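Comments concern the structure below.
Values quoted throughout were computed directly from the atomic coordinates according to the rules given, and no laboratory measurement underlies them. Because the structure is predicted, anything quoted here is derived from the model rather than measured. Here the Cβ positions follow ideal geometry from the backbone for every residue, glycine too, while neighbour counts run over all protein chains shown.
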Protein chains: 2
Amino acid sequence: MSAPIVTIAGGVGAARFLTGLLQVVPARDCTAIVNVGDDVELHGLWVSPDLDTVTYTLAGAIDPERGWGLAGETWTAMEALSRYGGITWFNLGDRDLATHLYRTQRRREGASLSEVTSEIVRAWGLALHVLPVTDDRVETRVTLADTGDDVNFQEYFVKHRHGVPVRDVRFAGVADARPGPGVVESIAGAAAIVIAPSNPLVSIAPVLAVPGVRDAVAARRDHTVAVSPIVGGAALKGPADRMLVELGHESSVLGIARLYCDLASVLVIDGVDAEHAAAVEQLGLRCIVTDTIMKSPERAAALARTVVAAAGV
Amino acid sequence: MSAPIVTIAGGVGAARFLTGLLQVVPARDCTAIVNVGDDVELHGLWVSPDLDTVTYTLAGAIDPERGWGLAGETWTAMEALSRYGGITWFNLGDRDLATHLYRTQRRREGASLSEVTSEIVRAWGLALHVLPVTDDRVETRVTLADTGDDVNFQEYFVKHRHGVPVRDVRFAGVADARPGPGVVESIAGAAAIVIAPSNPLVSIAPVLAVPGVRDAVAARRDHTVAVSPIVGGAALKGPADRMLVELGHESSVLGIARLYCDLASVLVIDGVDAEHAAAVEQLGLRCIVTDTIMKSPERAAALARTVVAAAGV
């Protein structure tokens, strides 16, 4: 019997979780609904970092040390671009460029982001469904605390190496965005919905902010399990911990529980946070304590197994 | 004293001539007005083959065997693109891609093709002026004789390897195009104007077809020298000889003389065509017979010296 699992996904953390999930669930039953707020147009090319991180990771092609881009990548085009003083702070490898060239060409030909994403995912031999949350343009923009500058997320994340405090995050265009094909339907029909251990404020929030998506997840609260991206008060990768504090939340599993308690009925936290389990449960979430650090494919599979079981699948 | 020389240029033949010219005239006195009808948008990138061939050749960076693209080039992005079934018939090297990324980004930022071209030319350390004939979009389109298909020039030239007969050539958009900054002015103020040994129908004609340019050259007929791209009835490179015949002209120096006799007062032809010199002169052109095959930089310089002298500079 088929038991479709939907994962609300950002980039690296979600991709790791999905490598585990694909070991315990048939790929055709897996749907990832992926953030596109990080997308950026550079050099006229449409770059979708989270979609590509998910695809490259699941294809076993991601660079394991960097955590983004392709293994064995070369950087010839970017090096040549520096001759012109071109934009090189957002590093695009030569093989990675091919993905952006293809995506851009297909979109110029009239294909939607959903369609191109599906083509790219199939070209990498993957059978899971990877859905951009929307085919419309949603742009995560960050207000920097020190200067008040309103910048594109990638400028904050890559150019400033997320090393500056933020005052606000917004998702430009989101009010007019429509969920992509299959997004709401897959949530409604899923046996379980997983909120991946991604940054809640800039990876998960822009997915939920697309009109209709938050409500669709909330309507399935009894079948929704969130995995905390915060372990021992800190993010494993990226600025989630600092952003949580800067934007008035708590960088802890409790902070995560407060963000997700209307959407999920279960929160999975790491063993180092076991002491907070009771407090999480007081917020109305069942709390499962396990090893959430996906150091290996085996650990990722074990976490996925725990999550799927927690959803009653 | 400064004696500015303007060269009406296509790609390879013009670029070789310019390598000669730069040996005999200060670079700051040289202006190339370059065809943009071959430009193509691929993968969302703006590709300007003739502009780049001129720049790369003069910078000593062109691949000498292929005659296009950069020496020592790698093809990683194109190879990766084949995974997706992307458009790979128009081969873009990794380093060459940087030029198109830069051009596209700058245009997105609001820079004109003229401005970007100038930036690219300076980045390669060149002091001559390289002017796209227009900043507007002019697209050379070719009607194939066998199928009646109306195709972009690059589809004919690269995809079909110019191996199919043509019935018609047109320059879409040219009626609304305006000459780029400095184009008409440089022709008006030049000590000599050279029509380079480029394809007259698809390299020189789309330059002349931009409203105002043909008239500007014709007004300077007494100072305009054309170099025949046809030697012994054949083109040294490319399909000019076949196209001339297919489109009702003669593939000979006489055919060239008839095309240019209203624009130029001198036609420079190769020694192998010496027997036709009298017939050329009967068309009202002074005919200079010399070695026009630019096998080496020295030969190119000798040709340029002859051309400049013929213009009375």
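Under the Kirkwood approximation for Rh and a Cα-based Rg, what ratio Rg/Rh is obtained for chain B? Before the final figure, lay out the partial values.
On the way: Rg = 18.5 Å, Rh = 19.5 Å.
Reported Rg/Rh (Cα atoms, Kirkwood Rh): 0.95.
Per residue of chain B, what 222 nm ellipticity follows from adding -39500 (n - 2.57) for every DSSP H run with n ≥ 4, rounded to the nearest 500? Spell out each step's value before the answer.
Numbers: 12 runs with 107 residues, N = 313.
Rounded to the nearest 500, the figure is -9500 deg cm²/dmol.
Work from the charge dipole of the protein assembly as shown (Cβ charges, +1 for Lys and Arg, -1 for Asp and Glu, about the Cα centre) and give the residue of B:A3, A:W68, B:L247 farthest towards its positive end.
Farthest towards the positive end: A:W68.
Apply 1/(1 + (r/R0)^6) to the Cβ-Cβ distance of B:A59 and B:E275, taking R0 = 30 Å, and write down the FRET efficiency to the nearest 0.05. The partial results should precede the final answer.
Numbers: r = 39 Å, r/R0 = 1.29.
My answer for the efficiency is 0.20.
I'd like to know which of B:L113, B:L144, A:G232 lies farthest towards the positive end of the charge dipole of the protein assembly as shown, counting +1 on Cβ of Lys and Arg and -1 on Cβ of Asp and Glu.
The listed residue farthest towards the positive side: A:G232.
In the neighborhood of B:A145, defined by Cβ-to-Cβ distances under 10 Å, what is the net charge if each Lys or Arg adds +1 and each Asp or Glu adds -1? Mind showing how you got there, number by number?
On the way: positive: B:R167; negative: B:D146, B:D149, B:D168, B:E246.
Around B:A145, the surrounding residues sum to -3.
Assuming 0.36 nm per residue, please report the length gained on full extension of the stretch A:A3 to A:W124 beyond their Cα-Cα distance. Walk me through the intermediate numbers first.
On the way: separation 121, 0.36 × 121 = 43.56 nm, distance 2.40 nm.
Fully extending the segment from A:A3 to A:W124 adds 41.2 nm.
Given label points at 7 Å from Cα along Cα→Cβ, what nm distances, shortest first, separate A:G67 from the same residue in every other copy?
With the label placed 7 Å along Cα→Cβ, A:G67 yields 5.1 nm.
Taking a label point 7 Å from Cα toward Cβ, how far is A:D146 from its twins in the other copies, in nm, shortest first?
6.5
Just to be sure I understand: with springs between alpha-carbon atoms less than 10 Å apart, which residue in B:L247, B:L51, B:L303 has the highest mean-square fluctuation in the Gaussian network model of chain B?
Of B:L247, B:L51, B:L303, the most mobile in the Gaussian network model is B:L247.
With springs only between Cα atoms under 10 Å apart, run a GNM on chain B and tell me which of B:R95, B:R83, B:R170 wobbles the most.
Comparing B:R95, B:R83, B:R170 in a Gaussian network model of chain B, the most mobile one is B:R83.
Given a 10 angstrom Cα cut-off, can you work out which residue in B:V231, B:V266, B:V133 is the most mobile in a GNM of chain B?
For chain B, modelled as a Gaussian network with Cα springs under 10 Å, the answer is B:V231.
I want the local charge near A:I62. Using Cβ-Cβ distances under 15 Å, sum +1 for each Lys or Arg and -1 for each Asp or Glu among the other residues. Provide the component values of the computation, followed by the final result.
Numbers: positive: A:R16, A:R66, A:R95, A:K237; negative: A:D50, A:D52, A:D63, A:E65, A:E73, A:D96.
Local net charge: -2.
I want to check a number: in the protein assembly as shown, how many lysine pairs have alpha carbons closer than 29 Å, given a sequence separation of 8 or more or different chains?
Numbers: A:K159/A:K237; A:K159/A:K295; A:K237/A:K295; B:K159/B:K237; B:K159/B:K295; B:K237/B:K295.
Lysine pairs satisfying the spacing and distance rule in the protein assembly as shown number 6.
Net charge near B:I230, counting Lys/Arg +1 and Asp/Glu -1 over other residues with Cβ under 10 Å of its Cβ? Intermediate values should be presented prior to the final figure.
Numbers: positive: none; negative: B:D241, B:E250, B:D270, B:D273.
Residues close to B:I230 contribute a combined charge of -4.
Quick one: label points 7 angstrom along Cα→Cβ at A:R108, distances to the other copies in nm, smallest first?
1.2
Please state the equivalent ellipsoid semi-axes for the range A:221-282: what are the square roots of 5 times the Cα gyration tensor eigenvalues, largest first, in whole Å? Don't jump to the answer; show the numbers that get you there.
Details: eigenvalues 66, 34, 22 Å².
Value: 18, 13, 10 Å, ordered largest first.
Please report the equivalent ellipsoid semi-axes of the protein assembly as shown, computed as sqrt(5 x eigenvalue) of the Cα gyration tensor, largest first, in whole Å.
Values: eigenvalues 766, 103, 71 Å².
Equivalent ellipsoid semi-axes, largest first: 62, 23, 19 Å.
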